[in-house]
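Before any comments, here is the structure.
The values are calculated or read from the model by the stated rules, or taken from the named source; none is laboratory data. All values derive from a computational prediction rather than experimental measurement. So basically every Cβ, Gly included, is an ideal-geometry build from the backbone, and we count neighbours across all protein chains shown.
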Amino acid sequence: MENTIVALATPTGRSGIGVIRLSGANSLEIVRTLVRDKNFSPTPRTALLQKIYDLETPDVLDEAIITYFQAPRSFTGEDLIEISCHGSPVILRQIIDLCLRLNARMAEAGEFSLRALANGRMNLSQAEAIRDLIDAQTVAVARQSIRQMRGELSNQLQPLKDALLNVIVILESSLEFVEDDLPDFQAEKIKSDLQVIVETLDKTASTFQAGKLLREGLRVALVGRPNVGKSSLFNALLGAERAIVTEIAGTTRDQIHEKFTINNIPISLIDTAGLRETSDVIEGIGIERSKRAMVDADLVIVLIDGSENLTDEDKKIIAQVDGLSHLFAINKSDLSRDKVKDINNSKTLRVSAKTGFGLSELKKAIVQPFASQEIENKGFLITDSRHFDLLLRAKLEIESSSSLIDNKISEEIILIGLHNALRYLGEVTGETTTEEMLARIFSTFCIGK
């Protein structure tokens, strides 16, 4: 990692300010060339206003704020410089191109964070928390990411790793220096210690369902026959005129996706084409996509026109959602004639996409089957499926090794599972993670981070 990398750290496009990052041993030399001052030696962590020059002409490209972070007290643990200039894409591209001509290279996705990991500035779970914080869709997810970034997950796992290591040391010593089997009292003590570790791992892993809900949210599909008000309800839930609404049946030919939040849970709402028999090829494709959306969704909302009796098309749709997580919404409840009663003893709500009647109750009903006590308590949650999988693997290995103790199996065999468990816990924080896995994880990061 001796080479110097450069990347835009702010989003592409026009903005008031754009930030370019340099990290590596030659960062300061590159900036000295850009500002045409061979003696430029900024005080670390002090912002300085400097002119940025073209390499071949006397032209000033921009005036920028330059901040120098000296190794090892920087984000990456290397010399790092941030150039804050005007956020014109032309200016930003010119400055990055100059850095490349001065032997920097473009950073790969997540490479700044990867260097921070390699230089001991953070562990892997903290680096992943940075990615999750950038991608956070709700305040709750952002708070969870900050807690993980500050090392809360690492702090929870360290005592477990220490306790597991203590057991390993005892068994390793017994294997090396004691010819007889472990005394019963010592075997019981080891089993007791392992049981505590297992229970703690289980408690930590059990928060994943709530954490996954906060991070990934729910896919909710609005389905129904044409002209029951799906697009109107879609717009009402979003609070914006996103879908086209007309009196013409079959206006929506394809899916429309939008995101909003309910009680800090991200919702991906899908407005689908009306389900009916049709000879229109394009509408038929939309209907097939609607059927796939129903199967893929976490929750299906079947919308029914309450001002009319149930039609054969309604009944077909009701039959299709049997076995899927669903609820029924009876629309047009602002009209006095309500001809549809509760359906199949299922969850049935009355709403009006026109007046907003029943929307609050509908929103509560969307998240109610999925929300859990952990979210309400706002404790630390496991939000990453990789972490969840590793915690479960570690737990299973420890349980397997513990069961071998009762059968008087050799310490050498018992240790295999315990060493595997320790390795899995180490993978959470990156202590035992392979380069291939690191490359896969950091490929999900944005370029400037």
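Observations, loosely collected:
- Scan of the range 177-192 for residues that are at pLDDT 85 or above and of a type in the set (Val, Ile, Thr), ordered by number: Ile190
- Any hit, the range 439-448, residues being in contact with a helix residue (DSSP H, G or I) (Cβ under 8 Å, 6 or more places away or on another chain) and more than 30 Å from Thr12 (Cβ to Cβ): no
- Helices (runs of 4 or more DSSP H) completely within the range 272-376 that count 3 or more residues being modelled with pLDDT of 80 or more: 312-320, 359-367
- In the range 410-428, the residues that are over 12 Å from Val167 (Cα atoms) and touching a residue at least 24 places away in the same chain (Cβ under 8 Å) form Cβ pairs under 6 Å with partners that are buried (at least 21 other Cβ atoms within 10 Å of the Cβ) and of a type in the set (Ser, Thr, Tyr), at six or more places apart or across chains, as follows: Val428/Ser125.
- Complete set of residues in the range 59-76 that are in a loop (DSSP other than H, G, I, E, B) and touching a Pro at 6+ places or on another chain (Cβ under 6 Å): Gln70
- Within the range 77-84, not a single residue is part of a helix (DSSP H, G or I) and surrounded by 13 or more Cβ atoms within 10 Å (Cβ to Cβ).
- Meets criteria (assigned to a helix (DSSP H, G or I) and modelled with pLDDT of 95 or more) for Ile30: yes
- Test result for Thr67, closer than 22 Å to Glu111 by Cβ, of a type in the set (Ser, Thr, Tyr), surrounded by fewer than 19 Cβ atoms within 10 Å (Cβ to Cβ) and at pLDDT 95 or above: yes
- Some residue of the range 436-445 being under 17 Å from the mean Cα position of the chain (by Cα) and among the β-branched types (Val, Ile, Thr): yes
- Scanning the range 56-84 for residues that are within 12 Å of Val35 (Cβ to Cβ) and touching a residue at least 40 places away in the same chain (Cβ under 8 Å), we see that the one that is farthest from the chain's Cα centre (by Cα) is Tyr68.
- Residue among Ser154, Ser174 that alone is modelled with pLDDT of 90 or more, touching a helix residue (DSSP H, G or I) at 6+ places or on another chain (Cβ under 9 Å) and crowded, with 16+ Cβ neighbours inside 10 Å: Ser154
- Number of the condition not met by Leu381 [criteria: (1) part of a helix (DSSP H, G or I); (2) buried (at least 20 other Cβ atoms within 10 Å of the Cβ)]: (1)
- Residue within the range 225-245 that is modelled with pLDDT under 85, crowded, with 20+ Cβ neighbours inside 10 Å and on the phi > 0 side of the Ramachandran plot present: yes
- Condition met for Glu82 (out of contact with any helix residue (DSSP H, G or I) (no Cβ under 7 Å at 6 or more places or on another chain) and more than 24 Å from Leu49 (Cα to Cα)): no
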